[in-house]
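Engineer: The structure under discussion is supplied below as structure tokens; questions concerning it will follow.
What follows is calculated from the coordinates using simple rules that are stated; it is not laboratory data. Keep in mind it's a predicted model, so treat the numbers as computed, not measured. So basically every Cβ, Gly included, is an ideal-geometry build from the backbone, and we count neighbours across all protein chains shown.
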Amino acid sequence: MPSHVALLRAVNLGPHNKISMAGLKALAEGAGLSEARTLLQSGNLVFQSKKTSAALEKLLEGTLAKELALKTPVVVRTAAEWQAAIDANPFTAEARKDPGHLVLMPLKAVPAKGTLATLEAAIVGRERVKLVGQNLYLVYPDGIGESKLTITVIEKKLGVTGTGRNWNTSQKIAALF
């Protein structure tokens, strides 16, 4: 059966959208997903299912809303898609030197043409971005916490929803497959 990763957006950040990883695993198993495992406390779920990524996103978003009153986007990738995203990283030097400031942001759809230029024009700091298919790669050389390049800005400029994981976490997810 194919392996997948589901990435929940904006969970366990501050007092909102709290979910235990044991609870997430139980929720996934209750939704019929096999061999569910979690990584860290940031909403990373690896599991097996024959369903498509789009169907799994809808299933998990609906189950989270119904069972936990948690309304948050979920991005799902197959193991092969996740590995392809790792392999396509355009910032290989940054991945080696400073992986904590490199972010892989899987998107729910490919952004429309021209939106990447709009996003790049909105960058006011030293951040750099590259789009490869349905994945955005971001380098935050001065750190993410103080950056003006927030997920809100990114989604507004690209017109699509996504969720990011730093390169260290992205590698740990790949190791779970």
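Engineer: Quote the Stokes-Einstein diffusion coefficient, in whole µm² s⁻¹, for the range 3-79, based on the Kirkwood radius over alpha carbon pairs, a temperature of 37 °C and a viscosity of 0.692 mPa s. Let's see the in-between values first.
Structural biologist: Working: Rh = 12.0 Å.
Once the numbers are plugged in, D ends up at 272 µm²/s.
Engineer: For each of 96, 128, count neighbouring Cβ atoms within 10 Å of the residue's Cβ, then give the residues from fewest to most. It would help to have the intermediate numbers written out before the result.
Structural biologist: Details: 96 10, 128 17.
Lowest count first: 96, 128.
Engineer: Just want the ordering: 1, 21, from fewest to most Cβ atoms lying within 10 Å of their own Cβ. If you can, show how the numbers build up before the last one.
Structural biologist: Working: 1 10, 21 18.
Ascending number of Cβ neighbours within 10 Å: 1, 21.
Engineer: Continuing with this model, one more query. Work out the length of the dipole vector of the chain about its Cα centre, built from +1 on the beta-carbon of each Lys and Arg and -1 on the beta-carbon of each Asp and Glu, and round it to the nearest 20 debye.
Structural biologist: Numbers: 22 positive and 14 negative charges, 40 e Å.
Dipole magnitude for the chain comes out near 200 debye.
Engineer: Given the pairs 108/148; 25/172; 25/58; 50/172; 25/66; 97/157, which are separated by over 19 angstrom at their Cα positions?
Structural biologist: Values: 108/148 22 Å; 25/172 17 Å; 25/58 17 Å; 50/172 23 Å; 25/66 16 Å; 97/157 29 Å.
From 108/148; 25/172; 25/58; 50/172; 25/66; 97/157, over 19 Å: 108/148; 50/172; 97/157.
Engineer: Right, here's the next one. Give the whole-number value, in cubic angstrom per residue, of the convex hull volume spanned by the C-alpha atoms of the chain. Mind showing how you got there, number by number?
Structural biologist: Numbers: hull volume 19.3 nm³, N = 177.
Hull volume over Cα atoms, normalised by residue count, gives 109 Å³.
Engineer: So for the range 1-158, taking the charge dipole from beta-carbon charges (+1 Lys/Arg, -1 Asp/Glu), which of 53, 22, 147 sits furthest toward the positive end?
Structural biologist: Towards the positive end, the residue furthest out is 53.
Engineer: When a footprinting reagent is the concern and you count Cβ atoms within 10 Å, what order do 19, 173 take, fewest first? Write out the running numbers ahead of the final one.
Structural biologist: On the way: 19 18, 173 24.
Ordered by Cβ neighbours within 10 Å, fewest first: 19, 173.
Engineer: Something else: Over the Cα atoms of the range 82-175, compute the convex hull volume and normalise it per residue, giving Å³. Please list the in-between numbers first.
Structural biologist: Numbers: hull volume 8.2 nm³, N = 94.
Hull volume over Cα atoms, normalised by residue count, gives 87 Å³.
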